[in-house]
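What follows is a short report on a single structure.
The values are calculated or read from the model by the stated rules, or taken from the named source; none is laboratory data. None of the values given here were measured: they were computed from a predicted structure. Here the Cβ positions follow ideal geometry from the backbone for every residue, glycine too, while neighbour counts run over all protein chains shown.
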């Protein structure tokens, strides 16, 4: 499979020249088309910053990001970033349906009928077709996140960047959303990059896991995930391959550096 | 020999008696120091002359003058107690009386003559050569007045009517006096009802033409303004008002004897801020009236009713306090 | 079953103590005027004012005066809101524009707008252009400043949402920033409405031409005191009607703002 995403030597420094804060020292990463890759690391290590640089929302201080060979300097076509604060990322003055269409309706002339159909289709994929006339603030946290996912998918991206998307939902909802993400990934053949602090989530969902060091971030190690697909919520979590990878990741994360 | 207690009691009684006497005598005493609201124009020259020549002092009165914008401001001030006497135009007085405000005229103020002594110093100015000659020519045009619905507005309308025109077909625009000639030159208005010194200034401008005074044309010898006071003040200060009138009439005589003199010009420039040289160029002052002309007031009331400034009737004679006659 | 809906009755009950308070003060005024405890001539006399109010409203001058005031206010206000929002969006979103215009803004804003009336009268005369101009100048600044603030305080997450979905600048400003800033913009527009009414009334009072302010001053000059109060009441009711209408509009437009 071809490399879709090529991150080379990306570094990020914040703050005044006199007192710089190095968030990311240097990160190299390659993601193939259709892969599901997780990025984990200690709190505040710069995972979200890295993801935003890949999304084109932040400029890198050093190094560069290439998507299909083209340099990323601004949010590129085909890449959608999903926010950690999903509740704030939905437009409260628009219905769920219009929020979903917000991501694509401004693009070249689809008719109102086509827009509506696309919205309903994607809301259906996340199981919220009945709620399309509601407002985001009428929905629960988990439902709001699903709307955000539907909105992202409706824009028909090639790459989905998820920034700790499930960290503020309750445990059961999280498990449901895991299932949803895997289902959607399976159906669409998207490339997904997931930033999370939850090791189990990373192991359950991804093909590869990139472990970052504490700030200033670098790649500590990349782990291949041998856990077989399709993954099941209960059984996969009891699989020794799951437990082994989880053990190793947790040990590395909890080790004082 | 008094005990201490008795002594205190006696002192207290004496103090009380003295206070009572002072209070009673204060009530019986009339006001000697008067606050008079005036408009700083030539009409009040007799008052200032009487002050300057010491006539008021001779009568035991002290006059403190306060400039105001006119009757609409002065009369409320009068009723609120800010002024004792107010110099105000007759239209404001009649209107106030019609609304039941308890005021009366206590002395004559000023009158516009009949044209024999000059053109009266106030009147219509137009742009020369545009063909406006009489009131009728103003139909469909605009006329600058300093305030709507005042005496100037009223007599302008009457003048239009006299000239054969319908006053409702003239547009009246409010323009302050100092800006009227500019508005005329800039063609923002077609005519202006102006006063001195602007009328004299307009006569020096070849582009402008002075047509004459609507007052003289409509109602010669118009009693245009008087001094008024509240009925309450009149009741409490009859002696003061008598003396006020004596001194004022002496001032009127002085002015009438000095109509073209340098002393009058100096007096006028002391409170109107018009320079003596300018005053010398202006037509002579109108003679000040020695008494209030009741008939003139009656005619003004009729005119006010005809032009919608008055509903109902006002008894002109009842407007006058005895001292005004 | 009552014909009056429950919500209305509830609100009426909440308002009752306040309304009773007002009514008691009107009663006090009435008694004071009737028994001469206050200066009878110039004090408000509620029963007389009510009678004159009926006459005033029925008079032919009333629709003319009301139309003139509301008309001038409407034109100046709508122009100011449009200009304020557009300029505010530009200045709030585009740093160089802000840097260019902000000093001028800071210079003009603190000028008490009534002070602009004499120069405006000299420059524009006494008619509609002057009145529209003064309302415009007064109403512009609250809307403009609030729009700039609103744009500046838009949730950065929302801005990034627009970016990740690759909305161009124009679409971002009008589909995202403008609705998101609407609560602040409307707050500014509310202040501007009150200010506009004050300024149009003031300009009418000073030039005595047309409108409610002119009628009020006219009554004052002719010593028709209770008429003057009646026109004051008309102005107060106009202000109230405008405020309530604005509230209703605001509720419809930003029904979502307290839910975030």
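Scanning segment A:202-256 for residues that are free of Cβ contacts under 8 Å to residues at least 40 places away in the same chain, in a loop (DSSP other than H, G, I, E, B) and more than 22 Å from residue A:42 (Cα to Cα) returns A:226, A:227, A:228, A:229, A:232, A:234, A:239. Residues considered: B:86, B:139, B:145, B:51. Of these, the only one that is touching a strand residue (DSSP E or B) at 6+ places or on another chain (Cβ under 7 Å) and more than 14 Å from chain C (Cβ to nearest Cβ) is B:51.
In the set A:175, A:123, A:193, A:180, only one residue is touching a strand residue (DSSP E or B) at 6+ places or on another chain (Cβ under 8 Å) and either more than 18 Å from residue C:166 (Cβ to Cβ) or in the same structural domain as residue A:247 (by TED's automatic domain parsing) (or both); that residue is A:193.
Tallying residues that are within 11 Å of another protein chain (Cβ to nearest Cβ) and part of a helix (DSSP H, G or I) within segment C:216-237 yields 9.
Listed here are the residues, each with its yes/no results for (1) outside any helix (DSSP H, G or I); (2) within 10 Å of chain A (Cβ to nearest Cβ); (3) at pLDDT 95 or above.
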{"residue": "C:171", "(1), (2), (3)": "no, yes, no"}
{"residue": "C:193", "(1), (2), (3)": "no, no, yes"}
{"residue": "C:196", "(1), (2), (3)": "no, no, yes"}
{"residue": "C:204", "(1), (2), (3)": "no, no, no"}
{"residue": "C:209", "(1), (2), (3)": "yes, no, no"}
{"residue": "C:239", "(1), (2), (3)": "no, no, yes"}
{"residue": "C:242", "(1), (2), (3)": "no, no, yes"}
{"residue": "C:246", "(1), (2), (3)": "no, no, yes"}
{"residue": "C:255", "(1), (2), (3)": "yes, yes, no"}
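Is it fair to say residue B:236 is more than 15 Å from the chain's Cα centre (by Cα), surrounded by fewer than 19 Cβ atoms within 10 Å (Cβ to Cβ) and more than 26 Å from residue B:121 (Cα to Cα)? Judged against the criteria, residue B:236 is a match.
The condition of being within 18 Å of residue B:317 (Cα to Cα) and either surrounded by 24 or more Cβ atoms within 10 Å (Cβ to Cβ) or more than 14 Å from chain C (Cβ to nearest Cβ) (or both) holds for only one of B:120, B:109, that being B:109. When segment A:87-112 is filtered for residues that are at the interface with chain C (Cβ under 9 Å from one of its Cβ atoms) and either outside any loop (DSSP other than H, G, I, E, B) or over 25 Å from residue A:143 (Cβ atoms) (or both), the ones remaining, listed by number, are A:87, A:88, A:89, A:102, A:107. The test for being under 30 Å from residue B:231 (Cα atoms) and in contact (Cβ under 8 Å) with a residue 40 or more places away in the chain holds for residue B:154.
Exactly one residue among C:208, C:239 is in contact with a strand residue (DSSP E or B) (Cβ under 8 Å, 6 or more places away or on another chain) and within 28 Å of residue C:129 (Cβ to Cβ), and that residue is C:208. Name the residues in segment C:149-166 that are at the interface with chain A (Cβ under 7 Å from one of its Cβ atoms) and surrounded by 21 or more Cβ atoms within 10 Å (Cβ to Cβ), would you? Answer for segment C:149-166, where residues must be at the interface with chain A (Cβ under 7 Å from one of its Cβ atoms) and surrounded by 21 or more Cβ atoms within 10 Å (Cβ to Cβ): C:161, C:164, C:165, C:166. Can you spot a residue in segment B:157-177 that is touching a residue at least 40 places away in the same chain (Cβ under 8 Å), on the phi < 0 side of the Ramachandran plot and out of contact with any helix residue (DSSP H, G or I) (no Cβ under 6 Å at 6 or more places or on another chain)? No.
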